[in-house]
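A short write-up of the structure that comes next.
The values are calculated or read from the model by the stated rules, or taken from the named source; none is laboratory data. The model shown is predicted, which means the values in this text are computed figures rather than measured ones. We place every Cβ from the backbone using ideal geometry, glycine too, and count neighbours over all the protein chains shown. Calculation scope for accessible area: heavy atoms of the full protein, side chains included, ligands and nucleic acids excluded. Shrake-Rupley method; radii C 1.70, N 1.55, O 1.52, S 1.80 Å.
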Amino acid sequence: MKQKLGMLSLGCPRNLVDAESLLERLNSKGYRIVEDISEADVALVNTCAFIEEARSESVEAILELIELKNKGKLKKIIVHGCLAQRYKDLNKELPEVDAFVGSLELNHGTKRFALTPKHYAYLKICEGCVNNCSYCVIPKIKGRLVSLDEESIIQKVKDFNRQKISELNIIGQDITGFGMDLSGRIRLTGILKKIISNAPDIGWIRLLYLNPERITDELLKLISSHVQVCKYIDLPLQHINSRILALMNRKITKKEIISLIEKVRKVIPGVCLRTSLILGFPSETDKEFKELLDFIRDAEFERLGAFIYSREQGTAAYGFKGQVPRKIKQERFDAVMSLQQEISSTVNARLLGKQMDVLIEEKQDGAYIGRSQADAPEVDGLVYVNSRRLLKEGEFAKVRITDTLEYDLVGEVI
Ligand code: SF4
């Protein structure tokens, strides 16, 4: 009788792609994949170990599975992913776990066991990173950047196109690094052109995790000239003060960031700019934090994610002087989030009466819920859509905005 296998995938979309290819492999090896992990014989938890918070979430999930196993409800527990990759002696602390499997290499196969709703998918074109930001442990977990070969990428895109998905999200730790390991051969803009030409039926192609140091004019031109490519630039900046940026080993200065943002807004009118920032980096002064607040106010990012600096063993910043007290880090985080709440309200209010395409995702309490081009899955806002006609999951509807909220919009189908 086939063993029932359940998967719990934690962490980022890159981890989710690993989970999808892992499930596909186990499915082809004869496991029956069940959605509810408590019904499984074998439970697989795909872990994240990026920062303290993510690690605690992973350990908590494992402990819950151990409890199920101790009650005889589970036969086996497999821990996969970054936690197992980063901590080789976990088996001593968690002897109830049957196997620890580090991160898999890039999946060159085309089959995937979808863990996303069927109307959107992630395509991971590269793994690992060469940037070595001083606060980041990912290069230690995932290694140096490795690009997926062009043939596998095109085959995956053709499969997604055949499945008629509505949105394809292109991901990696840093997709602007794509091809750096394939010296002299294709780079990001080149592979994007091939992805676009093999995806005629996919409505939106979204780029996530663009490193500001490697945004080229060619890339911006491609984004602005192809209707399928979302006018959405995900630009993790982490900070704006040049001294802090240098300590973070980010190879870009304040001046360069400001002119990059000006160029992006000029080349792609109406673009949605998303960024992520780290608050409370070692030795960050009140003055430098104020500089960051002023920058956020001026730049008016449509989307912004903020993280409290997490002191990670094995990173250069772990040993930096001037570690900022937790209370101060929290205060700075709260200040940024409340400022961004105001900015997001202002930015949204400008969309009142505007028309936009909305990707319909589900129906709830009589209204439809969808996303605009300015909303990446899971991390950004939503559009609540009223419609007299029936709408289908994965359909693009033309919507006029009738009301605006802090992070979300309300509209009606026209
Ligand atoms: S670019 Fe991103 S993944 Fe790479 S080292 Fe920096 S923070 Fe980590």
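Hey, among R250, R265, R243, which residue is outside any helix (DSSP H, G or I) and of a type in the set (K, R)? So that I can check it myself, show each step before the final result.
Values: R265 fails: outside any helix (DSSP H, G or I); R243 fails: outside any helix (DSSP H, G or I).
One residue alone meets the criteria, R250.
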message: If F307 satisfies all but one of (1) aromatic (F, W, Y); (2) open to solvent by less than 10 Å² (accessible area, probe 1.4 Å); (3) closer than 15 Å to I244 by Cβ, what's the number of the condition it fails?
response: (2)
- request: Determine which member of the set L74, L16 is touching a helix residue (DSSP H, G or I) at 6+ places or on another chain (Cβ under 9 Å) and outside the structural domain of L192 (by TED's automatic domain parsing).
  value: L74
statement: Scanning segment 112-127 for residues that are part of a loop (DSSP other than H, G, I, E, B) and within 16 Å of the ligand (Cβ to nearest atom) gives I125
V42 being over 27 Å from A317 (Cβ atoms) and touching a helix residue (DSSP H, G or I) at 6+ places or on another chain (Cβ under 8 Å): no
query: Is segment 150-159 home to any residue that is within 16 Å of the ligand (Cβ to nearest atom), modelled with pLDDT of 95 or more and in contact with a Ser or Thr (Cβ under 9 Å, 6 or more places away or on another chain)?
result: no
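Specify which of the listed residues (G143, G177) is without any contact (Cβ under 8 Å) to a residue 60 or more places away in the chain, of a type in the set (G, A, S) and touching a Cys at 6+ places or on another chain (Cβ under 7 Å).
Details: G143 fails: touching a Cys at 6+ places or on another chain (Cβ under 7 Å).
Exactly one residue qualifies, and that residue is G177.
How about segment 353-383: which of its residues are in a strand (DSSP E or B) and open to solvent by less than 70 Å² (accessible area, probe 1.4 Å)?
Initially, segment 353-383 is screened for residues in a strand (DSSP E or B), giving 355-364, 367-371, 383.
Result: M356, D357, V358, L359, I360, E361, A367, Y368, I369, G370, R371, V383.
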- line: Filter segment 239-249 for residues that are in contact (Cβ under 8 Å) with a residue 12 or more places away in the chain and open to solvent by 20 Å² or more (accessible area, probe 1.4 Å); the one that is farthest from V157 (Cα to Cα) is R243
message: Among the residues that make up segment 204-226, is at least one of them farther than 30 Å from Y318 by Cα, touching a residue at least 60 places away in the same chain (Cβ under 8 Å), away from the ligand (no atom under 16 Å from the Cβ) and part of a loop (DSSP other than H, G, I, E, B)?
response: no
- line: Filtering segment 23-57 down to residues that are surrounded by 22 or more Cβ atoms within 10 Å (Cβ to Cβ) and within 15 Å of I77 (Cα to Cα) yields L23, A40, A43, L44, V45, N46, T47
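Which count do you get for residues in segment 128-148 that are open to solvent by 50 Å² or more (accessible area, probe 1.4 Å) and more than 9 Å from the ligand (Cβ to nearest atom)? Working first, answer last.
In the first step, residues of segment 128-148 are kept if they are open to solvent by 50 Å² or more (accessible area, probe 1.4 Å); the result is 132, 140, 144, 146.
Among the residues that remain, those that are also more than 9 Å from the ligand (Cβ to nearest atom) are: 140, 144, 146.
Of the residues in that region, 3 qualify.
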task: List the number of the failed condition for L391; all other conditions in (1) free of Cβ contacts under 8 Å to residues at least 40 places away in the same chain; (2) in a loop (DSSP other than H, G, I, E, B); (3) open to solvent by 60 Å² or more (accessible area, probe 1.4 Å) hold.
output: (3)
query: When both residues are 6+ apart or on different chains and their Cβ atoms are under 8 Å apart, which pairs have a first residue that lies in segment 325-351 and is under 19 Å from C272 (Cα atoms) and open to solvent by 30 Å² or more (accessible area, probe 1.4 Å), and a second that is of a type in the set (D, E, K, R) and modelled with pLDDT of 95 or more?
result: Q341/E406; S345/E406; T346/E300
